[in-house]
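Visitor: Quick one: this structure, given as structure tokens, is what I'll be asking you about.
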Amino acid sequence: METVFIVLVALVSLSAARYSADWSSLDGRPLPPWYDEAKLGIFIHWGVFSVPAFQSEWFWWHWQGQQPPDPQCVRFMTDNYPPGFSYPEFARHFHAQFFRAEEWADLFEASGAKYVVLTAKHHEGFTNWKSVNSWNWNSVDSGPHRDLVGELGEAVRNRSLHYGLYNSLYEWFHPLYLSDKKSGFRTQDFVMQKLLPELYNMVIRYRPELIWSDGDWEAPDTYWNSTEFLAWLYNDSPVKDTVVTNDRWGAGCACKHGGYYNCQDKYSPGQLPEHKWEKCTSVDTLSWGYRRNMKILELMDLPTIIKDLVSTVALGGNYLLNVGPTADGMIPAVFEERLRGVGAWLQVNGEAIYGSKPWRVQMENATVPVWYTSKGSSIYAIVTTTAPTITLQLLTPKTSAATEVILLGSPSPLSWAPLYPNAGLTILLPELPCAPGRAWTLRLDGVS
């Protein structure tokens, strides 16, 4: 009875922990366990930028923000739109008429993903929900005239997937932001009148379990009031016990402060880091938003995606894979094919991915490249290429009399022999099935 009481007190103390508005306190908050167990998420970049669908989701900036403007963007507008056409006019063509949240959620579930992150607001400032702080520049007042964030959130949660929202801190052309920037960020009119009221409203209304912050790099976290917001989020918000955040909360925060680390787009550490991290990447290697002129050679193929997923998880990371829907609400068929391919691979090999931990050795390259994960007493050796011979040598595992080797998806144990007196084994491989992504997994029990 005394032991039970102590455990209950510990749990109450954990849930009652209060975090102060400083990084030393906030960085000490443990990540809610669902995130590390999930491993795979789907990222969705969708907004007004999906209408021109040219070059990338940064089209507006490249056309009218940077100096000098990108000549390709200028030519695109000159050739396809009348003189004087403004970027906000694209919003009325953001119809989303084919958007069916249930169909999207079915696809994400079939992909094997355990969480979904939608752009609530990108750098253009257009919100995919009815923000009172973004009057007439949101998906309810204009464009689709629908609450895209709310619709997708309901469908995703109906499939027991976790729901997260991407939110850009800065907005390229918002007058208050430009005024604060001109002052050297000594004023905070944009933060106090636009950003923070919108963030609080978004969290209270949609209760995201992940906030993927971005657009922070032009100003320090003290300008954004990041620590004050995160203290509220962790202490008093409706998602205080489950919410996960990334590290983009001000210039200099990346890979240093926040929840898990992104560090930079498409980041891979190359070795096992001490801190939980996530690799965000996109099926379209040249853009996060949909491009009408994308070519097949510019897309990640399925074997590349699987290899990227496996290496990320072996190094302790989560993998957030992006697709860009069209302005009419369709996920392009080639993106759907990739997601379903990932799901088909995970149906067989997911045991080595979900809820796994990095092993003492993450990778070896004896016969072929092999990535290791672990779960409980089992070790998983994931091979991301076709086996060149009928045998596979693993140098690192230490075998015992109880060692058993199973090819995931196959019912019978495989024959093996010791390689060295103290470590290693040679495994006799069966005829391998044609696996999606060309990757396959061995489970090793009774090894160390």
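The values are calculated or read from the model by the stated rules, or taken from the named source; none is laboratory data. For clarity, every value in this text was computed on a predicted model and none was experimentally measured. When we count neighbours, we look across all protein chains shown, and the Cβ atoms used for this are built from the backbone with ideal geometry, even at glycine. The area values use the complete protein model at the heavy-atom level, side chains included, leaving out ligands, DNA and RNA. Shrake-Rupley method; radii C 1.70, N 1.55, O 1.52, S 1.80 Å.
Visitor: Taking the Cα centroid of segment 403-419 and of segment 64-134, what is the distance between the two, rounded to the nearest whole Å?
Guide: Using only Cα atoms to place each centre, the spacing works out to 49 Å.
Visitor: Still on this structure: With a probe of 1.4 Å, find how much accessible area segment 23-351 has per residue, and write the answer as a whole number in Å².
Guide: Here the per-residue accessible area is 38 Å².
Visitor: Using a 1.4 Å probe on the protein chains only, how many percent of the accessible area of the chain belongs to carbon and sulfur? Walk me through the numbers on the way to the answer.
Guide: On the way: 10540 of 18910 Å².
Looking at the chain in its full context, I get 56 percent from C and S.
Visitor: With everything on Cα atoms, drop me the angle between helix 148-157 and the longest principal axis of the chain, reported from 0 to 90° to the nearest 10.
Guide: 20 degrees
Visitor: Kindly point out, ordered by number, any Cys in the chain whose beta-carbon has no other cysteine beta-carbon under 4.7 Å away.
Guide: Here Cys73, Cys253, Cys280, Cys434 come out as lacking a disulfide-compatible partner, given the Cβ-Cβ threshold of under 4.7 Å.
Visitor: Using DSSP to call loops (not H, G, I, E or B), can you name the GluC sites (Glu not before Pro) in segment 250-337 whose Cβ has at most 15 other Cβ atoms within 10 angstrom?
Guide: Listed in order of number, the matching sites are Glu274.
Visitor: Moving on to the next point. How many Å² of accessible area per residue for segment 357-445, probe 1.4 Å?
Guide: 49 Å²
Visitor: Of the chymotrypsin sites (Phe, Trp or Tyr not before Pro) in segment 98-127, which ones lie in a loop per DSSP and count no more than 16 other C-beta atoms within 10 Å?
Guide: Phe98
Visitor: Considering every pair of different Cα atoms, what Kirkwood radius, in Å, is found for segment 357-445? Present the calculation step by step, with values, prior to reporting the outcome.
Guide: Values: mean 1/r = 0.0760 Å⁻¹.
Kirkwood radius, segment 357-445: 13.2 Å.
Visitor: Using a Förster distance of 30 angstrom, determine the FRET efficiency expected from the C-beta separation of Ser24 and Thr242, and round it to 0.05.
Guide: E(calc), rounded to 0.05, equals 0.85.
Visitor: If you count only protein heavy atoms and use a 1.4 Å probe, how large is the accessible surface of His174, to the nearest 10 Å²?
Guide: Near enough 40 Å² of accessible area.
Visitor: For Cα extents along the principal axes in Å, the listed values are [x] 98, 56, 37; [y] 57, 54, 48; [z] 74, 63, 38; which was obtained by calculation from the structure presented?
Guide: [z]
Visitor: Calculate how many DSSP beta bridges within the chain are antiparallel, expressed in % of all such bridges and rounded to the nearest 5. If you can, show how the numbers build up before the last one.
Guide: Values: 30 of 60 bridges.
In the chain, approximately 50 percent of DSSP beta bridges are antiparallel ones.
Visitor: As an exercise, identify the GluC sites (Glu not before Pro) in segment 355-448 lying in DSSP coil whose Cβ has no more than 12 other Cβ atoms within 10 Å.
Guide: Sites meeting the loop and neighbour criteria: Glu431.
Visitor: Also, quick follow-up: Short version: what are the Cα gyration tensor semi-axes of segment 24-84, square root of 5 times each eigenvalue, largest first, in whole Å?
Guide: Semi-axis lengths for segment 24-84 are 40, 16, 8 Å.
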